[in-house]
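Below is one structure, written out as structure tokens; comments come after it.
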Amino acid sequence: MKNINEIQQEISEEFELYDDWMDKYNYLIELSKDLPVIDTKLKVNDNLISGCQSRVWLHADYEAGLIHFTADSDSIITKGIIALLIRILSGRNPEEVMNADLFFIDRIGLRQNLSPTRSNGLLSMIKQMKLYALAYHAKSKGS
Amino acid sequence: MEYDVYSVRKDFPMLNQQIYGRPLVYLDNGATAQKPLSVIECINNFHTSKNSTIHRGIHFFSEQATEEFENARKTVQQFIHAEKSSEVIFTSGTTGSINGLAWSFGERFISPGDEIIISEMEHHSNIVPWQMLCERKGAVLKIIPFNDDGTLEINKLDTLITVKTRLISVMHISNTLGTINPIRAIIARAHANDIPVVIDGAQSVQHTGIDVQKLDCDFFVFSGHKIYGPTGIGILYAKEKWLHELPPFQGGGEMVNVVSFQKTTYNEPPVKFEAGTPNYIGAIGLAEALKYLTKTGLSGIAKHENALLEYGSQKLSELDFITLYGQAPDKSSILSFNLKDVHHYDAGMIIDKMGIAVRTGTHCAQPVMQHYGISGTIRASLGMYNTQEEIDTLISAVKKVRDMFA
């Protein structure tokens, strides 16, 4: 399995194929369709990361030392970005997730989608993913 | 003289730009309007060669600044046809005006069990200050509902008004639905019951002429930055009798008469309500914006904007995948809509990349979204410099969104 930085590099290269913004968005729309459907039982308020503009649901499972994320959003483009985050961060151990430097966001020009003022829940989602990692890390140390 | 939008556009430097390699189409005027060059130059000149604080100084520049500030007050007075310039109070904006008024009015007139009436379509700035007052004083907030077409259920007002009603506060024009509310009728019914009325003019004063004396409203509030003036300045107009009865909402410099540690007596209105160094450059910039509008001609602007609204509504309703929110017969400047099965945030991102500035989300009016059971809308809000071609660009962008997400 490729490491976090290798996958980010791979994603950056995929996006470099598109000069036009519309093509980048079209690609995100395509990616959103590949995102595994989250169990409707998990689309509850406890898993909701609320933003003013779009909503994100995030769920984490911890199994055999690895974190598995599932997520969804009511916005397709947000969902596409989630698909990228899951591709990078899901199936990793807690320390990898905690220490991940998500440089691909800048590289593919999605910074504006992650500014706090956009309030689309993505920034909070990344924080929440790292918090899960921190919690599982503490748990694994404790046991 | 015929209104020439293309020559008007030349007065607004901000509009002459490209974003993402496309000409900027600015349709977010309900959030803030761009400034004409005369306003930009006025503010720049003031900072460059006239700056001095007002009221306190004896020196040349202070006196000159004081005079310009008081002239700005007169310009506002004339623009809204207030009887006296002392009825015009400078605040930080519509939100500042309503919060100050809610505190002040509440201190003087609100007791437990009293009632305040607002409408279901209000901006949060005309909801939350009254809710805070109600919580502070144990008063009750009552709501005039609206119909699905965006018109107020005005016939409900008679049953909402009781002997305990102390104040009615409603928006003149809805920032999400564009509805022009029947404020004359509301004011008449309120006054028949001796109830004062606050009109939130944040979305109206830039589109329609305002005559507070003819309206007979007790209070009228608006912001500078939505009427092509600077940010951080706004107006609280109040009939003179209220300004004598209401306590000041802030204490500090200039608003006092005599200060001792035993007792402070207050200055006369309007300065009684303008504690601290006011935003005098904002006030002077706002006056410059009002002069620009007067010079350009309010009726020509209104006619132009109404024609654009009609054109935009027509074009959008021709698209079978569009839902328009707000179809009141009396409407102004706002096109609020959604595409079938497309999230407004997704649509907004694509529209942005087409060089068009719109707003998406709840527009600080969550109860309106709750009314329709939606999470938000796309809002194009028109200004004096928008063109039919820009509406066409918006329509192509909307079609593009539809193609991408269908």
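Observations
- Antiparallel content of DSSP bridges confined to the protein assembly as shown, in %, to 5: 70 percent
- Low-density loop cleavage sites - trypsin sites (Lys or Arg not before Pro) in the stretch B:40-128, where at most 10 other Cβ are within 10 Å (DSSP): none
- Counted by neighbouring Cβ atoms within 10 Å, the residues B:Y280, B:Y20, B:Y266 run from fewest to most as B:Y20, B:Y266, B:Y280.
- Cα long-axis angle, helix A:122-142 against chain A (0 to 90 degrees, to the nearest 10): 20 degrees
- Under 19 Å from the B:T48 label point (7 Å along Cα→beta-carbon), backbone N, the stretch B:228-265: B:230
- Euclidean distance of C-alpha centroids, the stretch B:170-236 and the stretch B:4-61, integer Å: 24 Å
- Leading residue at positive end of dipole, chain B (Cβ point charges), from B:S313, B:G57, B:M404: B:G57
- Eligible lysines near B:K241 by straight Cα distance, threshold 20 Å, same-chain separation 8 or greater: B:K74, B:K84, B:K214, B:K272
- Mean separation of Cα contacts under 8 Å, 6 or more apart, over the residue count of chain B: relative contact order %: 23 percent
- Contact order normalised by residue count of the stretch B:150-223, Cα under 8 Å, 6+ apart, percent: 31 percent
- Helix content alone sets the calculated 222 nm mean residue ellipticity of the protein assembly as shown: runs of n ≥ 4 DSSP H residues at -39500 (n - 2.57) each, divided across all residues, give -13000 deg cm²/dmol.
- Listed by chain and number, the lysines whose C-alpha is less than 17 Å from the C-alpha of B:K226, apart from same-chain residues fewer than 8 away, are B:K35, B:K291.
- In degrees, nearest ten, helix B:344-353 long axis to first principal axis of chain B (Cα): 80 degrees
- Assigned charges on the beta-carbon of Lys, Arg, Asp, Glu; chain A dipole about Cα centre (debye): 660 debye
- Order of A:W57, B:W103 under a 10 Å beta carbon neighbour criterion, fewest first: B:W103, A:W57
- Net charge dipole size for the stretch B:128-269 [Lys, Arg +1 and Asp, Glu -1 on Cβ; Debye, nearest 20]: 300 debye
- Inter-chain neighbour count for B:340-351: the average number of beta-carbon atoms from partner chains within 10 Å of each residue's beta-carbon is 6.
- Here the residues B:T94, B:T75, ranked from fewest to most Cβ neighbours within 10 Å of their Cβ, fall in the order B:T75, B:T94.
- Averaged over A:13-25, number of beta-carbon atoms from partner chains that fall within 10 Å: 2
- Positive end of the dipole of the protein assembly as shown (Cβ unit charges, origin at the Cα centre): among B:F12, B:Q327, B:I117, the Cα lying farthest that way belongs to B:I117.
- On Cα atoms only, tilt of B:128-137 relative to the major axis of chain B in degrees: 40 degrees
- Put the Cα centre of the stretch B:326-379 next to the Cα centre of the stretch A:34-48 and the gap is 26 Å.
- When only alpha carbons of chain B are considered, Rg and Dmax amount to 21.9, 72 Å.
- Relative to the current alpha-carbon distance between B:Q213 and B:Q388, full extension at 0.36 nm per residue lengthens the span by 59.5 nm.
- When +1 charges are put on Lys and Arg Cβ atoms and -1 charges on Asp and Glu Cβ atoms, the dipole computed for the stretch B:1-108 relative to its Cα centre reaches about 240 debye.
- Per residue of A:54-60, other chain Cβ atoms within 10 Å of the residue Cβ number 2 on average.
- When the charge dipole of chain A is built from unit charges on Cβ atoms (+1 for Lys and Arg, -1 for Asp and Glu) and taken about the Cα centre, the candidate among A:L17, A:G109, A:I126 whose Cα reaches farthest toward its positive end is A:I126.
Readers should treat all values here as calculations from the given coordinates under stated rules, not as data from a laboratory. Bear in mind the structure is a predicted one, so any value in this text is a computation, not a measurement. For neighbour counting, all protein chains shown are included, and Cβ atoms are generated from backbone atoms with ideal geometry for every residue, glycine included.
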